[in-house]
Amino acid sequence: MSTQQGSPSRLGLVFNIQRFSIHDGPGIRTVVFLKGCGLRCRWCSNPESWNAYEEIVTNDLRCTRCGRCQQVCPVNAITVDEKGRKLDRGLCNRCLQCADVCPTGALAATGKWMSVDEVMEEAAADDLFYQNSGGGITLSGGDPVQQADFAVELLKACKRRGFHTAIETSGFAEWGILERLLEHTDLVLYDVKHMDPEKHREGTGKTNELILENARKAAARRRLWVRVPLVPGYNDSEENLKATARFAKEIGAAKVSLLPYHAWGASKFEKLGRRFTLQDLPGPTVEQIERCRQTVQAAGVTTTVGR
Ligand code: SF4
Ligand code: SF4
């Protein structure tokens, strides 16, 4: 486990590599999840991706109260007593020493610094599957624009191997940064969470003007799918779906993917010491999803659910 702080050059901070994905672009793909995101979506299923640095995740059920973490913590951020182990994140300086000594994974670090070669070694293992299925590599996160130098080098390495490349992005970045990634990208999976700027800010922490402007530019350069996380009561109104469909059509998106909300990220929020605010929100029903699909499709844009 690394205890490195800061951002070593030529390394990327990866929090997951998922092989055999069929939901993140065409064919069978390897998805490389990079840490760092400019948005803070309330429904996020990967909140461990938000910060572009290593951080501690807790798993209280695994704690045996052995006290090793408390002994090594240089800033007394950990207390262990008969009630369990407590972590004061306000004091924690993310040295990760507790994760190094915890024998059970009750304290662990999320994020691993990896070189392009290390990622490519894992990704290349499924070369035949990519060839046979029309698949490839997808950079996700977080948002790969947050680690642009590493993402560009990784995309270049993929292209040298002849792999199809996709990026999943919120588009929340200076255009020049996104443009650098697009040079080596075949397909852009572009999130559009809400068409109304203020509602967008309510759900994600940022307004959407830059995002929509970048979507327009990106679609003019690369094949692009608009992806909409379908969050009941937030962005599934007929008005918003019609506006999203009109926008997708106008910019020439190849399709709109509707991704039904689920609360899978809720427990991760807790393990990162954050508050999940949508605990009472059920995911959309099959009927609601179909109604949304028909609304978008009616605007004359190909619409899929779940991928
Ligand atoms: S990561 Fe935080 S809690 Fe863990 S040992 Fe370092 S300062 Fe203490
Ligand atoms: S080292 Fe791990 S198992 Fe031991 S008290 Fe700390 S969190 Fe619990």
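Read through the list (1) open to solvent by less than 30 Å² (accessible area, probe 1.4 Å); (2) of a type outside the set (D, E, K, R); (3) touching a Ser or Thr at 6+ places or on another chain (Cβ under 8 Å); (4) away from ligand 2 (no atom under 16 Å from the Cβ), then give the number of the only condition that Leu96 fails.
The single condition Leu96 does not satisfy is (4).
If you scan the range 46-87, which residues turn out to be part of a loop (DSSP other than H, G, I, E, B), open to solvent by less than 80 Å² (accessible area, probe 1.4 Å), more than 8 Å from ligand 1 (Cβ to nearest atom) and not aromatic (Phe, Trp, Tyr)?
If the condition is that a residue be part of a loop (DSSP other than H, G, I, E, B), open to solvent by less than 80 Å² (accessible area, probe 1.4 Å), more than 8 Å from ligand 1 (Cβ to nearest atom) and not aromatic (Phe, Trp, Tyr), then Asn46, Asn51, Ala52, Glu54, Asn59, Cys63, Cys66, Gly67 are the ones that fit.
Taking the range 108-144, which residues are among the β-branched types (Val, Ile, Thr), open to solvent by less than 10 Å² (accessible area, probe 1.4 Å) and closer than 20 Å to Arg10 by Cβ?
Val119, Ile137
Restricting to the range 159-192, what's the tally of residues that are open to solvent by less than 10 Å² (accessible area, probe 1.4 Å) and more than 15 Å from the chain's Cα centre (by Cα)?
Residues in the range 159-192 being open to solvent by less than 10 Å² (accessible area, probe 1.4 Å) and more than 15 Å from the chain's Cα centre (by Cα): 7 in total.
List pairs: first residue in the range 158-186 and assigned by TED's automatic domain parsing to the domain that holds Lys206 and more than 23 Å from Ser21 (Cβ to Cβ), second residue surrounded by fewer than 23 Cβ atoms within 10 Å (Cβ to Cβ) and among the β-branched types (Val, Ile, Thr) anywhere in the structure, Cβ distance under 6 angstrom, at least six positions apart or on different chains.
Arg180/Val152
When the range 1-45 is examined, which residues are found to be assigned to a loop (DSSP other than H, G, I, E, B), at pLDDT 95 or above, open to solvent by 40 Å² or more (accessible area, probe 1.4 Å) and of a type in the set (A, V, I, L, M)?
Ile28
Scan (1) more than 20 Å from Leu224 (Cα to Cα); (2) open to solvent by less than 50 Å² (accessible area, probe 1.4 Å); (3) in a helix (DSSP H, G or I) for the single condition Ala243 breaks and write down its number.
Just one mismatch for Ala243, condition (1).
Determine, yes or no, whether Ala248 is free of Cβ contacts under 8 Å to residues at least 60 places away in the same chain, out of contact with any helix residue (DSSP H, G or I) (no Cβ under 7 Å at 6 or more places or on another chain), among the hydrophobic types (A, V, I, L, M, F, W, C) and open to solvent by less than 20 Å² (accessible area, probe 1.4 Å).
Against the criterion (free of Cβ contacts under 8 Å to residues at least 60 places away in the same chain, out of contact with any helix residue (DSSP H, G or I) (no Cβ under 7 Å at 6 or more places or on another chain), among the hydrophobic types (A, V, I, L, M, F, W, C) and open to solvent by less than 20 Å² (accessible area, probe 1.4 Å)), Ala248 qualifies.
Considering only the range 280-295, I want to know if a residue exists there that is open to solvent by less than 60 Å² (accessible area, probe 1.4 Å), part of a loop (DSSP other than H, G, I, E, B) and closer than 30 Å to Arg89 by Cβ.
Within the range 280-295, one or more residues are open to solvent by less than 60 Å² (accessible area, probe 1.4 Å), part of a loop (DSSP other than H, G, I, E, B) and closer than 30 Å to Arg89 by Cβ.
Which members of the range 21-54 meet the condition of being out of contact with any Phe, Trp or Tyr (no Cβ under 6 Å at 6 or more places or on another chain) and aliphatic (A, V, I, L, M)?
Within the range 21-54, Ile22, Val31, Val32, Leu34, Ala52 qualify.
With respect to Lys271, is the statement that it is under 30 Å from Val57 (Cα atoms), in contact (Cβ under 8 Å) with a residue 40 or more places away in the chain and assigned by TED's automatic domain parsing to the domain that holds Val296 true?
yes
The values are calculated or read from the model by the stated rules, or taken from the named source; none is laboratory data. Nothing here was measured: the structure is a model prediction, and the numbers come from that model. Positions of Cβ are backbone-derived with ideal geometry, glycine not excepted, and every protein chain shown enters the neighbour counts. For accessibility, only protein heavy atoms count, side chains too; no ligands or nucleic acids. Shrake-Rupley method; radii C 1.70, N 1.55, O 1.52, S 1.80 Å.
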